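Only one structure is covered here, and it is reproduced in the block below.
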Amino acid sequence: MKWYILESAEEQIIGQFDHNPFDDWEFKVRGFSTGSSGYDTKEALWEANHILPQPCIICKRWIQLHWIPERNQKLIERNMCFGCTFWDEKLQAMLQGTYEGRRKMVVNGCMYSIAPDDPTDDFKGFGGTKFQFLDLRTNTFIVSRNTWFNGEIPTVWLPAFPDTAIMIEGRTPFRVIT
Ligand SMILES: [Zn+2]
């Protein structure tokens, strides 16, 4: 039996298995996208995967430091996992009303970002689909052909992100059904 760590968007599993569970179909269909090697002890797993001593203060996951140094530093400062750091950065930008923050639209618990619309740029969010939002913060209509999907806001973060906009025109992302 060896120790493994597996992660999906919804779950984190740390436990002992007699073979690498990441190879199992069951874990693939449950959306686990990263897994570790097997280790003889929990301590060895912790050390090899650079896991912080305290879990994420928001979602309680164990935090792995396997990113670039600047990103690792942010995770350490917040004691938050990668996903929670992502949402915390978005929240801070919105609360501070930065250029980025003002261009984030929260609609039905999903976040969309409006990027600058350069007509000469071929690489656009949603393939250049036209979006129109009513920004509830400023009561103005915003039209964009360069809208990007930041994702569904995780349940634990939803209370911090009330809807800030209504989508008048546009679409939700395509979903892959497994
Ligand atoms: Zn977290």
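Kindly provide the set of residues from region 140-161 that are in a helix (DSSP H, G or I) and either of a type outside the set (Val, Ile, Thr) or modelled with pLDDT of 95 or more (or both), ordered by number.
First pass over region 140-161, keeping only residues in a helix (DSSP H, G or I): 155-160.
Trp157, Leu158, Pro159, Ala160 - these are the residues of region 140-161 that are in a helix (DSSP H, G or I) and either of a type outside the set (Val, Ile, Thr) or modelled with pLDDT of 95 or more (or both).
From the set of residues in region 12-53 that are β-branched (Val, Ile, Thr) and in contact (Cβ under 8 Å) with a residue 40 or more places away in the chain, which is farthest from Phe82 (Cα to Cα)?
Val29
Given the criterion within 17 Å of the chain's Cα centre (by Cα) and on the phi > 0 side of the Ramachandran plot, identify the matching residue among Asn72, Asn139, Asn79.
Details: Asn72 fails: on the phi > 0 side of the Ramachandran plot; Asn139 fails: within 17 Å of the chain's Cα centre (by Cα).
The match here is Asn79.
Out of all the residues in region 33-53, which are assigned to a strand (DSSP E or B), hydroxyl-bearing (Ser, Thr, Tyr) and modelled with pLDDT under 95?
We begin by selecting, within region 33-53, every residue assigned to a strand (DSSP E or B); these are 34-35, 39, 51.
Checking the rest, the ones that are also hydroxyl-bearing (Ser, Thr, Tyr) come to 34, 39.
Matches in region 33-53: Thr34 only.
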Seminar exercise, completed: In region 43-62, anything surrounded by 16 or more Cβ atoms within 10 Å (Cβ to Cβ) and over 19 Å from Thr155 (Cβ atoms) is listed as Leu45, Trp46, Asn49, Ile51, Leu52
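Quick one: which of Phe123, Phe82 is modelled with pLDDT under 95 and over 19 Å from Glu7 (Cβ atoms)?
It is Phe123.
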For this session: Tell me which residues, restricted to region 21-31, are among the aromatic types (Phe, Trp, Tyr) and over 10 Å from Ile5 (Cβ atoms).
Result: Trp25, Phe27
Problem set entry | Of all residues making up region 71-108, the number that are surrounded by fewer than 15 Cβ atoms within 10 Å (Cβ to Cβ) and of a type in the set (Gly, Ala, Ser) | 1
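The values are calculated or read from the model by the stated rules, or taken from the named source; none is laboratory data. Here the structure is a predicted model, which is why all the values come from computation and not from measurement. Neighbour counts run over all protein chains shown; Cβ positions are idealised from the backbone, glycine included.
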